[in-house]
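Reviewing the structure listed below.
Any read-out appearing in this document is the output of simple, stated calculations on the displayed coordinates, not a laboratory observation. No experiment lies behind these values; they were computed from the predicted model shown. Glycine gets a Cβ as well: all are built from the backbone with ideal geometry, and neighbour counts include every protein chain shown.
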Amino acid sequence: MATLPCMHDALPGTTRPFEIIPSVLPADFSRLGDACRDLEQAGVDRIQFDIMDGRFVPNLTFGPDVVASLRPHVGVPFEAHLMVEEPGWMYRAFVDAGCDMIIVHAESVGHLHRALDEVRSAGARAAVALNPATPVSDVEWVLDLVEMVLVMTVNPGFGGQAYIPTMEPKVAELRNLVLSRGLDVDIEVDGGIGPATIAGAAAAGANCLVAGSSLFRDPDGMAHAVSDLRARAEATRPS
Ligand code: DX5
């Protein structure tokens, strides 16, 4: 009887460098500076800050002043994931706070092309995020403005949620679109990324892998979590 190809056999993978990127959402916010230092020592490639406004998502976190207070204490790049309705007024503030990448949700602005132009004009690398229900086609005509597309693998707002595996074909579709256009664009996934899920996301074509709970709650520590996740992603490389 023929063996059915597993999900990974059918997926294109990626040749781009893998980046392990923590979300600090699960951190003890009374010790956020220590957490960022620990993450840098654990070998993460950059740090993602989840900015939530209580409207775009049913949760509220922090603003640019908190990010600015952390900037002097670590050397890795910062990215701001804006889960904020109409965030245009805050791009410059997060650049001034020390973020070199700003991620805007396609669903959060009325004019996405203009919004991404404004992010670039503010001096940041631009990225666009897609909620689970949002199709790849929604970003097809802004791929030339961004350096990364974030495919959410949970519905945004909280850490510790279950990974949505049906996003893997969406990641693969995006990867093939980026390749067909000859564009130099990273693909990031965020939500439920851990030892049991990272291979599926990487095999689908994601090379920037955001992890919160799995990094902060690894019983063997953050450094183990980072190296283990990186090894699991590397194991999916197309031969
Ligand atoms: C959810 C956030 C994610 C989340 C990831 O809205 O964007 O970054 O914190 O946390 P885990 O890895 O715990 O799902």
- Query: Order of 38, 220 from fewest to most other C-beta atoms within 10 Å?
  - Reply: 220, 38
- Item | Residue exposure sequence - 36, 208, 99 - by fewest surrounding Cβ within 10 Å | 36, 208, 99
- Where both residues lie in the range 42-144, what percent of DSSP beta bridges are antiparallel, nearest 5? 5 percent
- Message: With both bridge residues required to lie in the chain, what share of the DSSP beta bridges run antiparallel, to the nearest 5%?
- Response: 5 percent
- Note on the structure: In whole Hz, the Karplus estimates of ³J(HN,Hα) for the range 155-162 (6.51, -1.76, 1.60; θ = phi - 60°; x where Gly or Pro) are 7, x, x, 8, x, x, 7, 6
- Message: In the chain, if the dipole is taken from +1 on Lys/Arg beta carbons and -1 on Asp/Glu beta carbons about the Cα centre, which of 33, 143, 202 is farthest to the positive end?
- Response: 202
- Item | Rounded to whole Hz, the Karplus (6.51, -1.76, 1.60) HN-Hα couplings of the range 72-83, x for glycine and proline | x, 9, 9, x, 6, x, 10, 10, 9, 9, 8, 9
